[in-house]
Amino acid sequence: MAAVAEILESVRRLVPLTGEGVAAEFAAQGWEAGGRPRNGFETSWAKDDVRGWIHPYRGGVRVEFTVWLRDVDEETGCFEDLEAVYGEGERALTGFLPEIESSALAAHLIEAEGTPDDADEFIPCRKWILDDRLLVTGVVQEDTDLPVRVVVAWEERSSASAGALSIGPVPDP
């Protein structure tokens, strides 16, 4: 998961945050392209057990990572014990947070308050602000038949609605 902190540290210097610039950083740091070019740049990346995506979003760009994922049971299409999976996700998030908090990026981050929208979107989450950008880490499940994921998302604050961050569904790998 250190690969996520490294990418975040490098893309924080990109002004403006562009898909082309972020894709170049992924490539420079040895992430494997997923073969999903759109708008002139690769949008899907993988390194170690982490997936990364670049999404055009509200006139800007959002960079999103899945650092942990627990998929539904293939036979039933649901989880046997959803609360246990949420607990696993929370533990995975707790294990990931030191990657952010001990990174060089941490010295520049200001912790942000959660919003009512965050409570609807995330099981738990943590948010930080860096200049005009928002960094969010959290546990999400968009629908009952979709995986539970620990995500990290980075976007221009001006493209976030009232400080909330919209996490998209899991793109195909």
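The values are calculated or read from the model by the stated rules, or taken from the named source; none is laboratory data. Because the structure is predicted, anything quoted here is derived from the model rather than measured. Cβ: placed from backbone, ideal geometry, glycine included. Neighbour counts: every protein chain shown. For the accessible areas, the whole protein counts, side chains as well, though only heavy atoms, and no ligand, DNA or RNA atoms are used. Shrake-Rupley method; radii C 1.70, N 1.55, O 1.52, S 1.80 Å.
Couple of notes before you dig in:
- Quarter of the Cα convex hull surface for region 56-112, i.e. its orientation-mean projected area (nm²): 6.3 nm²
- Charge dipole of the chain about the Cα centre (unit charges at C-beta), most positive-ward option of Val22, Gly138, Gly34: Val22
- Mean projection area, nm², convex hull over Cα of the chain: 9.7 nm²
- Per residue accessible area in Å² of the chain, where ligands, DNA and RNA are left out and the probe is 1.4 Å: 50 Å²
- Here the simple spin-label model places points 7 Å from the Cα toward Cβ, and for Thr76 and Asp131 these points are separated by 4.8 nm.
- Pair-distance profile P(r), taking every C-alpha pair of region 1-70, with 10 angstrom steps and integer %: 21, 59, 19, 1
- Radius 12 Å from Cβ of Gly30, net charge of other residues (Lys, Arg +1; Asp, Glu -1): -3
- Rolling a 1.4 angstrom probe over region 1-133 with all protein chains present gives an accessible area of which 47% lies on carbon and sulfur atoms.
- The stretch between Leu69 and Asp143, if pulled fully straight at 0.36 nm per residue, gains 25.2 nm over its current Cα-Cα span.
- Shape annotation for region 86-130: C-alpha extents along the principal axes are 29, 23, 9 Å, from largest to smallest.
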